[in-house]
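Below: one structure, written as structure tokens.
The values are calculated or read from the model by the stated rules, or taken from the named source; none is laboratory data. From a predicted model like this one, the values you see are computed outputs, not experimental measurements. Glycine also receives a Cβ, built like all others from the backbone with ideal geometry; neighbour counts cover every protein chain displayed.
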Amino acid sequence: MAWKPTEIPDQTGRTFVITGANGGLGTVTSEVLAANGATVIMACRNTAKAKEVAGGIDGDVQVAELDLADLASVRRFADDSGEFDVLINNAGLMNIPFSRTEDGFETQWGVNHLGHFALTGLLLDRITDRVVTLSSVAHKQTPKLVIDDLDYEHRRYRRSLAYAQSKLCNLMFARELQRRLTRAGSVKRSYGVHPGVSATDLFARTETPLDWIAKPFVSLVGHSPAKAAQSSLFAATMPDADPEVYWGPTWLFGTRGPVKASPSSRLSKNEDLWTKLWAESERLTGVTYQF
């Protein structure tokens, strides 16, 4: 039998921080967790929109400002945070035109990976249970990880490959974090998951004519946001979920289906690259993890 959100245990007394919760999968995840008794902190750049969304969710839902494209904002959020149970690194950008963050990083990599890397490191001593980081089936689209030019300073920018790189980094980060937690004897856990493909606003930010046709097409091959959010919900709430497994749908090349153990690329399993990516991420963000 496939796992269903109805199997989520009572979450009363537990607090979840969800990045990018003011739309798409983040909103669905917030709604389901709040409905199961959790306190949800929606960590969003657009707090006005987040407050509007939060107002329509029954339960204990709060909004806090967090701009993952600005490490100063990440630090402010961390400084203002108390202890909580679960961090869900959900926010993301996909296939956008070339730009750089406030700190000068290529934006897709800077937001999707570096912002979450810094956030997790700054909050790790306040997370009591686990970290869930969203990757993507797109992580398989990058043939290599160019450690000496992750920031596109010397390469031609290709938006789809930049997105794929950022999602590969998300998965490698989740795995390396779990490895380091295990080595440290910590009971905390780190999960890498993917949602499959779903017609959210992620597909409408390319600033090209594709914005008009992507969502309708994706709705044909993918699945609903309610189903796409199940991977995050499973990893965030199920007590016995295995952190060594990459959780996500597996039907139709991983675009849809129930939550299962999902395959990942050979590159994503390269532990030497995990270590190198971690070192480079610490260097660029200035955030050093303490286990």
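Contact map, the stretch 1-27: residues that are in contact (Cβ under 8 Å) with a residue 12 or more places away in the chain and among the charged types (D, E, K, R) paired with residues that are assigned to a loop (DSSP other than H, G, I, E, B) and surrounded by fewer than 18 Cβ atoms within 10 Å (Cβ to Cβ), Cβ distance under 6 Å, separation 6+ or inter-chain. Pairs shown: D10/G37.
Can you tell me which residue in the stretch 126-159 is farthest from S264 (Cα to Cα), limited to those that are outside any loop (DSSP other than H, G, I, E, B) and of a type in the set (D, E, K, R)? Among residues in the stretch 126-159 that are outside any loop (DSSP other than H, G, I, E, B) and of a type in the set (D, E, K, R), the one farthest from S264 (Cα to Cα) is R126. Which of the residues spanning the stretch 142-195 are crowded, with 16+ Cβ neighbours inside 10 Å and of a type in the set (D, E)? Within the stretch 142-195, D151, E176 qualify.
Among residues of the stretch 248-289 being farther than 20 Å from L124 by Cα and touching a Phe, Trp or Tyr at 6+ places or on another chain (Cβ under 6 Å), the one that is surrounded by the fewest Cβ atoms within 10 Å (Cβ to Cβ) is G257.
For (1) closer than 30 Å to R100 by Cα; (2) touching a Cys at 6+ places or on another chain (Cβ under 7 Å); (3) not in a helix (DSSP H, G or I), each residue gets a yes or a no:
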position	(1), (2), (3)
A235	no, no, no
D240	no, no, yes
F253	no, no, no
S265	yes, no, yes
S268	yes, no, no
W274	yes, no, no
E280	yes, no, no
L284	yes, no, no
Y289	yes, no, yes
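Each residue in the stretch 84-114 was checked for being within 22 Å of V40 (Cβ to Cβ) and acidic (D, E), and 1 pass.
Listed by first and then second residue, the pairs with beta-carbon distance under 7 Å, at least 6 apart or on different chains, first residue in the stretch 238-264 and basic (K, R), second modelled with pLDDT under 95 and surrounded by fewer than 20 Cβ atoms within 10 Å (Cβ to Cβ), are K260/T250.
Search the stretch 1-19 for residues being more than 25 Å from S136 (Cβ to Cβ) and among the polar types (S, T, N, Q), and hand back the single one that is surrounded by the most Cβ atoms within 10 Å (Cβ to Cβ). Filtering the stretch 1-19 for residues that are more than 25 Å from S136 (Cβ to Cβ) and among the polar types (S, T, N, Q), the one surrounded by the most Cβ atoms within 10 Å (Cβ to Cβ) comes out as Q11.
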